[in-house]
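Okay, so here's the structure we're looking at.
The values are calculated or read from the model by the stated rules, or taken from the named source; none is laboratory data. It should be emphasised that the depicted structure is a prediction, and the values quoted were computed from it without experimental measurement. Neighbour counts run over all protein chains shown; Cβ positions are idealised from the backbone, glycine included. What goes into the accessible areas is simple: the full protein's heavy atoms, side chains included, and nothing from ligands, DNA or RNA. Shrake-Rupley method; radii C 1.70, N 1.55, O 1.52, S 1.80 Å.
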Amino acid sequence: MNTMRKLLLTLFLAAAALLYAAPILFMVYSSFKPDGEVLVGLTSGRFFAADLSWQNYVDVFHRVSFGRYLFNSLFITLSVVLLAWSSTRWPDTHSPGCTGSAIRPCSVWSWP
């Protein structure tokens, strides 16, 4: 592949990555704006806020029990992963059969 073609491909991929990342970057940046300035930049053409603050994140922890929600999510995720992992029969344990679990379904096994 010649150099010009590689350059065009790189520029296209960089533009596509920026296009996909722009909404996420906008959400993260807007989360630091005060409540009154979140949508003002869209209508006035002024994208950057005058002052950025962590107050929105402080308010989330005070208004709802965010720590509890985070603990619940981590507990459920860890429980499901550990349960699936513990119910899987690995090939090096010399146990015949398969479990049909999500980690290694029966169709993956190849017995000699």
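Details
- Charge sum, other residues only, whose C-beta stays under 10 Å from residue 40's C-beta, Lys/Arg counted +1 and Asp/Glu -1: +1
- Stokes-Einstein D for the stretch 4-82, Kirkwood Rh over Cα pairs, 37 °C, 0.692 mPa s (µm²/s): 202
- 81, 58, ranked by accessible area, largest first (probe 1.4 Å): 81, 58
- Solvent exposure ordering (accessible area, 1.4 Å, most first) of 6, 33: 6, 33
- A full extension of the chain between residue 52 and residue 39 corresponds to an added length of 3.2 nm, given 0.36 nm per residue minus the alpha carbon distance.
- Estimated distance in nm for a label pair at residue 7 and residue 84, the labels positioned 7 Å out from Cα along Cα-to-Cβ: 4.6
- Given a 1.4 Å probe and the protein chains as shown, residue 47 ends up with an accessible area of around 90 Å².
- Within the accessible area of the stretch 1-87, the carbon and sulfur atoms contribute 75%, probe 1.4 Å, all protein chains present.
- Between residue 28 and residue 60, the modelled labels are 1.3 nm apart [label points 7 Å from Cα along Cα→Cβ].
- Accessible heavy-atom area order of 88, 3, 10, highest first, probe of 1.4 Å: 3, 10, 88
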